[in-house]
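One structure, pasted below without further comment.
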Amino acid sequence: MGRVTASNTIVIEAPVEAVTTAIADYAQVRPRIQPEQFSAYRLIEGGQGSGTVAAWNLQATKKRSRDVKATVTVDDAAAHWSLVEEDANSSMATTYTVREATGGALVEMTTSWDGAGGVGGFFERTFAPGGLKRIQHALLANLKAELEG
């Protein structure tokens, strides 16, 4: 069993503060920017930043879906801003990191989880990151359109 990771980045032509506010907005922005692989979105607690709890179904492939119940933690004390969604139903965690960039903000989205062992784990480590990167790209592109549109 090993850790499986998928990562994606995008530059958004908007102030860092606008980008971080949008990423942390689970009441208004997040439901609008989720791509088609996300469904049954519901806000359970909070709505902005740390302490927020939201849930959704993630349809990773035609045969594989995951019910996610994410608890949000924001770290804005470091040299860069980050937000972590930790899934209560699995080992999956997604981290958004935002840094200053020429012309706006660089956003990195990284998702990782404990993969399966054996042959199934080999295929998961080989193919799951590519599929998840496509989902991440769609979400980040929607965020970019939301903020630049």
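The values are calculated or read from the model by the stated rules, or taken from the named source; none is laboratory data. Predicted model, so just to flag it, every value in this text is computed and none were measured. Neighbour counts are summed over all protein chains in view; Cβ atoms, including those assigned to glycine, are modelled from backbone coordinates with ideal geometry. Areas reflect the complete protein model, heavy atoms only, side chains present, ligands, DNA and RNA absent. Shrake-Rupley method; radii C 1.70, N 1.55, O 1.52, S 1.80 Å.
At 1.4 Å probe size, with every protein chain present, just tell me what the per residue accessible area of segment 39-89 comes to in Å².
Details: 3040 Å² over 51 residues.
Accessible area per residue: 60 Å².
Rounded to a whole number, what % of the accessible area of segment 1-44 do carbon and sulfur atoms account for, probe 1.4 Å?
Answer for segment 1-44: carbon and sulfur cover 50 percent of the accessible area.
Report, in debye and to the nearest 20, how large the dipole of segment 3-71 comes out about its Cα centre when Lys and Arg carry +1 and Asp and Glu carry -1 on their Cβ.
Once rounded to the nearest 20, the dipole reads 520 debye.
Net charge around Gly104, counting only other residues with Cβ within less than 15 Å of its Cβ (Lys, Arg = +1; Asp, Glu = -1)?
That works out to -4.
Given Asn89, Met109, Pro31, which one lies farthest toward the positive end of the charge dipole of the chain, if we put +1 on the Cβ of every Lys and Arg and -1 on the Cβ of every Asp and Glu?
Going by the Cα projections, it comes out as Asn89.
Something else about it: Okay, helix-only estimate at 222 nm for the chain: each DSSP H run of n ≥ 4 adds -39500 (n - 2.57), divide by all residues, round to 500 deg cm²/dmol; what do you get?
Computed ellipticity for the chain at 222 nm equals -9500 deg cm²/dmol.
Next up: Taking Rh as the Kirkwood radius, which is the inverse of the mean 1/r over Cα pairs, what is the Rg/Rh value for the chain?
Using Cα coordinates only, the ratio equals 0.96.
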